[in-house]
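Below: one structure, written as structure tokens.
Any read-out appearing in this document is the output of simple, stated calculations on the displayed coordinates, not a laboratory observation. Because the structure is predicted, anything quoted here is derived from the model rather than measured. Glycine gets a Cβ as well: all are built from the backbone with ideal geometry, and neighbour counts include every protein chain shown.
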Amino acid sequence: MSTPNTRSTFSLSTDTWAILLAAALGLIIRFGLLKSIAW
Amino acid sequence: MAASTNLPDLRTEYPPHPPGRSPAEPSTFLGLLPGIALLFVVGYAGKFVEHFLNTWTKARHITFPNIEYVLWAILFGILIANTVGVPRIFRAGVATYDFWLKVGIILLGARFILGDVLKLGGISLILVFIAVAFSLTFMTWLGRTFNLGPKLTTLLAVGSSVCGVSAIIATQGAIDADEEDSSTAIAAILALGALSLFTFPLIGHALHMSDHAYGIWAGLAVDNTAEATAAGALYSDAAGKFAVLAKTCRNALIGFVVLGYAIHWVRKGLASRAATKQLDNKAAFLWQKFPKFVLGFLVISLLATLGASANPHLAALGFTKPQLIALGNLSRWAFLLTFAGVGLRTNLKDLFKQGARPFIVGALGEIAIAAITLLLVLGADHIYHL
């Protein structure tokens with residue numbers, strides 16, 4: 001693993017920020033605000 | 001993580017400012033944007049070159065192997081970092097590559113049904129236990145043979161057996177190792193990680209390994225998660241997915257290994273009072289070291305599994321197939337930023353500055369670990385048909 005739960009700029013750990021961003025993206029997709037993502 | 005953690009802020013300890021270099025200054029959200037934009041540009045350039053080469057060679061009926069964008073992104077990053085260098089304005093943002101790695105892993109849960117996670121994760125965990133036991137023993141023996149200091153040996157053993165730089169940093173705090181020892185161990189592990197990016201795919205192709213088997217091997221043998229993910233993705237998209245799964249199992253063990261070493265050094269009377277005090281509550285210690293983003297991965301995987309359920313009530317709770325595809329693609333974008341960061345933080349000159357002995361010990365250990373894990377994976381592939 002690259003880093004253990006390091007602290008980031010806004011005093012939350014990077015793990016927490018990563019979980020929050022992933023949760024936000026999950027909700028956006030779950031409720032159809034974003035239908036598809038190209039790759 | 002709680003404020004009581006004694007882990008250092010990796011943005012000041014970990015490349016793109018390798019040991020001996022001036023650390024990044026704390027940055028605001030806006031201060032991160034230039035570096036994140038650079039990650040995107042470098043990663044996207046890799047994707048563009050892959051696509052361009054494929055269409056160009058196909059149009060001219062030239063037989064050319066498909067080189068994944070991952071390799072281009074890493075090479076472009078290494079080229080920039082080792083020629084013009086990464087200007088200060090980009091450094092804080094480039095250091096977020098690790099954050100994108102975690103986001104990518106969590107979202108990757110969308111590409112795994114929980115049953116697969118349990119089956120492959122279970123097999124991986126068994127292999128991880130054997131590999132970690134072997135690595136710790138072998139590296140400790142090698143360190144003694146080459147007369148390395150006991151704490152440097154411990155750091156190298158933990159770094160090569162569990163999860164690279166993070167394990168070294170977690171252990172440094174727990175055993176009171178010197179900054180110099182941890183810098184040396186980190187440099188050795190990073191140098192070997194960079195080498196594995198180029199050697200693992202070649203070995204995998206030479207042995208005609210399946211995506212599953214190769215991915216699990218990369219996840220078991222390559223130390224840092226970013227490099228393990230890249231080494232897997234260099235082989236194929238599917239191999240990258242399995243490399244992350246195996247690596248995540250390995251990461252989950254970090255707390256137990258660090259705890260074991262912390263107890264060992266406290267019993268020897270060589271740990272500080274602060275390090276000894278950490279062991280008062282072992283459960284809290286384990287939780288503190290546990291990589292929490294793994295829980296996010298499991299939740300997304302659970303929601304992916306529910307979405308595929310035959311029970312309409314359960315299926316309504318989960319993600320639909322198009323939603324899972326969208327999440328899987330978001331995960332790929334997050335990894336694209338990570339791979340660009342892997343290249344941009346690789347400073348070839350600094351990597352080989354740490355002296356020959358730790359590098360030789362690390363290299364010999366890595367070769368042995370790669371060989372043993374390869375045998376384990378080939379054996380498991382034969383028995384379980386990975």
In a Gaussian network model over chain B where Cα atoms closer than 10 Å are linked, find which of B:238, B:174, B:310 has the largest mean-square fluctuation.
B:310
When chain B is treated as a Gaussian network with springs between alpha carbons less than 10 Å apart, the largest mean-square fluctuation among B:257, B:266, B:117 is found at B:266
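Between residue B:61 and residue B:299, take the C-beta separation as r, use R0 = 56 Å, and let me know the FRET efficiency to the nearest 0.05. Write down the numbers at each step before the final one.
Numbers: r = 47 Å, r/R0 = 0.85.
About 0.75, to the nearest 0.05.
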Quick one: net charge of residue B:257's neighbours, Cβ under 14 Å, K/R +1, D/E -1?
+2
On a straight-distance basis, which aspartates and glutamates could pair with residue B:58 in a cross-link, Cα separation under 18 angstrom, same-chain partners fewer than 8 positions away excluded?
B:50, B:68
Magnitude of the charge dipole, chain B, Cβ model with Lys/Arg +1 and Asp/Glu -1, debye to 20:
240 debye
Across A:25-37, the residue-averaged tally of Cβ atoms belonging to other chains within 10 Å stands at 5
Along the charge dipole of the protein assembly as shown, which of B:37, B:204, A:17 sits closest to the positive end, that is, farthest toward it, with unit charges on the beta carbon of Lys, Arg, Asp and Glu (+1, +1, -1, -1)?
A:17
For region B:142-221, the spread of Cα positions along each principal axis, largest first, Å
43, 24, 17
Taking every C-alpha to C-alpha distance in region B:30-384 and binning by 20 Å from 0, the per-bin percentages run 29, 58, 12, 0
With point charges of +1 on the Cβ of Lys and Arg and -1 on the Cβ of Asp and Glu, referenced to the Cα centre of chain B, which listed residue (B:67, B:87, B:359) lies farthest in the positive direction of the dipole?
B:87
Which pairs break 18 Å Cα to Cα here: B:102/B:289; B:247/B:321; B:47/B:102; B:102/B:151; B:102/B:292; B:47/B:349?
B:247/B:321; B:47/B:102; B:102/B:151; B:47/B:349
For region B:242-370: rounded, prolate or oblate by the Cα gyration tensor [a/c cutoff 1.5]
oblate
Within 15 Å, Cβ to Cβ, of residue B:276, how many net charges do the neighbouring residues add up to if Lys/Arg are +1 and Asp/Glu are -1?
+3
For chain B, set up a Gaussian network in which alpha carbons nearer than 10 Å are linked by springs, and say which option among B:98, B:223, B:176 fluctuates the most.
B:176
Taking every residue of B:290-302, the Cβ atoms of other protein chains inside 10 Å of its Cβ average out to 4
Across the alpha-carbon set of the protein assembly as shown, Rg over Rh with Rh taken as the Kirkwood radius works out to 0.96
Taking the Cα centre as origin and putting +1 on Lys and Arg beta-carbons and -1 on Asp and Glu beta-carbons, what dipole magnitude results for region B:248-368, to the nearest 20 debye?
420 debye
Quick check for me: using +1 on Lys/Arg Cβ and -1 on Asp/Glu Cβ, what's the dipole size of the protein assembly as shown about its Cα centre, in debye to the nearest 20?
400 debye
Mean other chain Cβ within 10 Å across B:102-109 is 5
Mean Kyte-Doolittle of at least -1.0 and a Cα length of 27 Å or more along the axis: which whole DSSP H helices of chain B meet both?
B:29-59, B:114-145, B:179-206, B:321-344, B:356-384
If the cut-off is a Cα-Cα distance under 18 Å, which aspartates and glutamates reach residue B:282, setting aside same-chain residues fewer than 8 apart in sequence?
B:176
